[in-house]
């Protein structure tokens, strides 16, 4: 059980990014957060693993208050939460394997890891993770030689290395082609269904939201303006969509593809 | 342009065209200012003032001894009419032109012409030509005189090799002046050995005598010098040696005296005794000596001292540049962290530190390494160490700036991602920051190494060690061949390094 209570974030320049946000996520859910750019989606996701420190409120995960965790404890929590980013956030000049292995940093000996030394089982695990996302043959290439879709799969493999119980995905498909978007989200869906990993994902396209979400919250100006179940989101009308996204929003369709592989 | 036009239409001239013209006649530029062309007026006023100032300075240089403006001007006019008259005429024309320009600017709807500025530029150019002493005629006529040294610099390799030389000498004593005692007896001839005899064996040296206010040369006694037993058909130099040990090759009409021996190894030559080099106060019998010398090369070709010194100093130069680069890198890394805005923006204190570091780096960088070398030479004396210090100081400032800029431009994404995996701060730096830093770091370091070696070739000019030090010495000794070797070495090293550093940088980035 994951709970967010009265979460507020005010940046130093006075911008209110989150205003009294509260919601709960049951284990194994695929929660999608929707909202315009600047509505607070990224801030919300980054508050969960404290990449951004919230100004007020609580984040409680299985009884542990993440928002009050000490640095050492916070690292323990972080390593159980995988994170996937819109721009992949890979070290582009390093090779794929090194990037994937860096997902293991929270587990390995901090000193030997500084010399890029990882246990053999971690290396095997990394190859297995790459196989799982279908790019095992690219393991020794530099990341900047890979396509966008392949880079995001490296991002997923890196998150997998953490053996996460929860994955935060910050617009994971926003910089990819619609076709690739499905491929990436299907990987996340499989993790969600097969390993019961809770997924918190921010998305833009309504089609994708309707296809993958088990629950949806909508943010506008840092406040929750919409909560819906899987059924409710599938029945969502353009009118409701515009309520969340504003009058100027136009529904953009993403043609669903057949499953890959 | 359109907005300017409307502006002019909205704000017509404050005065009528004739008034503007007359105003500019009294104070150049005032008329333009009154016509609401303040910038134009100020520019013209400033230009004219500067030109008049430069002209006055040049005139005063032509007449340094005269007092008063009038006297100076008259003197300058007398010395260089071809310079003074045209420039003065042009300045007067410019003045009138400015007045006419003011008249035109004040007319409604008139646009600012640029012809007046063309005249201003032309005047600056003419005065600049004079001040910087440009003399194309000299360049053309004196180039031929420099052919010798230049060709030696361009192709110096004759000086790269040498042979041992062997000198064969024989001489005969000459008494000066003749006295009552018997003159020195001629040397005894040993068959097969070089032998020289002079006749007579005493005489007077050449001298200059003042006669009715005119210096007149009185040549010394004519000696017949006969030599035997030398190498046949070989150049033989005639040297003179005086009682206090001065030895010099004798000259005749400005040329060094040398004669070829005949088939038997004998020669005969007539010479006048040279001028005296010993002080007039010296007394007693003075026995001079006339010598015949044959210089012959023996042994194999070997590398000359000049080449060896150049190689030594070239190595010193490269090492100097490398050491300075190494120290520069070591010190500039911590400095670059202090000068990176994104790392220092945490608190007002760190921000203050950031500004102080940046300012210091800028100041140090703006002072040329040559000046640092002079300062370092004051502390540690001349030599390569001074050069190392100078280049290190400059490298720290230059690299500190470059590194800090590359720190500022790293992608924060990977940092965020690595932090999210539960990594420690040190791990985050190793996995997210360092990989991004390495390419620019390597690139800038090699670039700096390139610059430092290049600089180290000239830092010796001010005593900072390395090949530049040798180069200045050779040039001062007029040893253009050896200097040429140094120039070639510098050119080869710099070109090679240029190529190598470009290659390495291309691979890394």
### Task
Search the range B:405-426 for residues that are facing chain A (nearest Cβ under 7 Å) and pair each with any residue that is surrounded by fewer than 19 Cβ atoms within 10 Å (Cβ to Cβ) when their beta-carbon atoms are under 7 Å apart and the residues are at least 6 apart or on different chains.
B:413/A:87; B:422/A:76; B:424/A:110; B:426/A:110; B:426/A:114
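Taking the conditions exactly as written (crowded, with 24+ Cβ neighbours inside 10 Å, assigned by TED's automatic domain parsing to the domain that holds residue A:27, in contact (Cβ under 8 Å) with a residue 12 or more places away in the chain and under 19 Å from the mean Cα position of the chain (by Cα)), does residue A:187 satisfy them or not?
Working: crowded, with 24+ Cβ neighbours inside 10 Å: no; assigned by TED's automatic domain parsing to the domain that holds residue A:27: yes; in contact (Cβ under 8 Å) with a residue 12 or more places away in the chain: yes; under 19 Å from the mean Cα position of the chain (by Cα): yes.
So residue A:187 fails the test.
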## Note on the structure
Subset of the range B:427-447, residues at the interface with another protein chain (Cβ under 7 Å from one of its Cβ atoms) and over 24 Å from residue A:83 (Cβ atoms), comes to B:439
### Query
Inside the range B:178-219, can you point out the residues that are closer than 20 Å to residue B:247 by Cα and in contact (Cβ under 8 Å) with a residue 60 or more places away in the chain?
B:184, B:194, B:196, B:198, B:203, B:204, B:205, B:206, B:207
### Query
Can you name the number of the only condition in (1) more than 10 Å from every other protein chain (Cβ to nearest Cβ); (2) surrounded by fewer than 20 Cβ atoms within 10 Å (Cβ to Cβ); (3) at pLDDT below 90 that residue A:58 fails?
(3)
### Query
For the range A:98-125, what are the residues that are within 13 Å of chain B (Cβ to nearest Cβ), farther than 15 Å from residue B:414 by Cα and part of a helix (DSSP H, G or I)?
A:110, A:111, A:112, A:113, A:114, A:122
### Message
I need the full set of residues from the range B:28-75 which are loosely packed, with under 14 Cβ neighbours inside 10 Å and part of a loop (DSSP other than H, G, I, E, B), in order please.
### Response
B:64, B:65, B:67, B:68
### Task
Please work out which one of (1) within 14 Å of chain A (Cβ to nearest Cβ); (2) outside any helix (DSSP H, G or I) is the condition residue B:465 fails and give its number.
(1)
### Summary
Taking the range A:73-97 and the residues there that are more than 19 Å from the chain's Cα centre (by Cα) and at the interface with chain B (Cβ under 9 Å from one of its Cβ atoms), the one that is nearest to residue A:150 (Cα to Cα) would be A:92
### Summary
Expected output for the range B:470-495 (first residue outside the structural domain of residue B:458 (by TED's automatic domain parsing) and in a helix (DSSP H, G or I), partner modelled with pLDDT under 90 and crowded, with 24+ Cβ neighbours inside 10 Å, Cβ below 8 Å, 6+ apart or cross-chain) is none
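Can you find even one residue in the range B:61-71 that is assigned by TED's automatic domain parsing to the domain that holds residue B:17, touching a residue at least 40 places away in the same chain (Cβ under 8 Å) and within 22 Å of residue B:26 (Cβ to Cβ)?
The initial filter retains those residues of the range B:61-71 that are assigned by TED's automatic domain parsing to the domain that holds residue B:17, namely B:61-71.
From the residues that got through so far, the ones that are touching a residue at least 40 places away in the same chain (Cβ under 8 Å) too are none.
The answer is no; no qualifying residue exists.
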### Message
Take residue A:128 and tell me if it is within 24 Å of residue A:95 (Cα to Cα), without any contact (Cβ under 8 Å) to a residue 12 or more places away in the chain and not in a loop (DSSP other than H, G, I, E, B).
### Response
yes
#### Entry: For residue A:49: the one exception among (1) in contact (Cβ under 8 Å) with a residue 40 or more places away in the chain; (2) out of contact with any helix residue (DSSP H, G or I) (no Cβ under 8 Å at 6 or more places or on another chain); (3) within 10 Å of chain B (Cβ to nearest Cβ)
(2)
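Mind counting the residues in the range A:155-181 that are under 27 Å from residue A:61 (Cα atoms) and in a helix (DSSP H, G or I)?
Start the filter on the range A:155-181 by keeping residues that are under 27 Å from residue A:61 (Cα atoms), which leaves A:155-173.
Checking which are in a helix (DSSP H, G or I) leaves us with A:155-161.
Counting residues in the range A:155-181 that are under 27 Å from residue A:61 (Cα atoms) and in a helix (DSSP H, G or I) gives 7.
The values are calculated or read from the model by the stated rules, or taken from the named source; none is laboratory data. It should be emphasised that the depicted structure is a prediction, and the values quoted were computed from it without experimental measurement. Cβ coordinates were reconstructed from backbone atoms using ideal geometry, including for glycine residues, and neighbour counts include every protein chain displayed.
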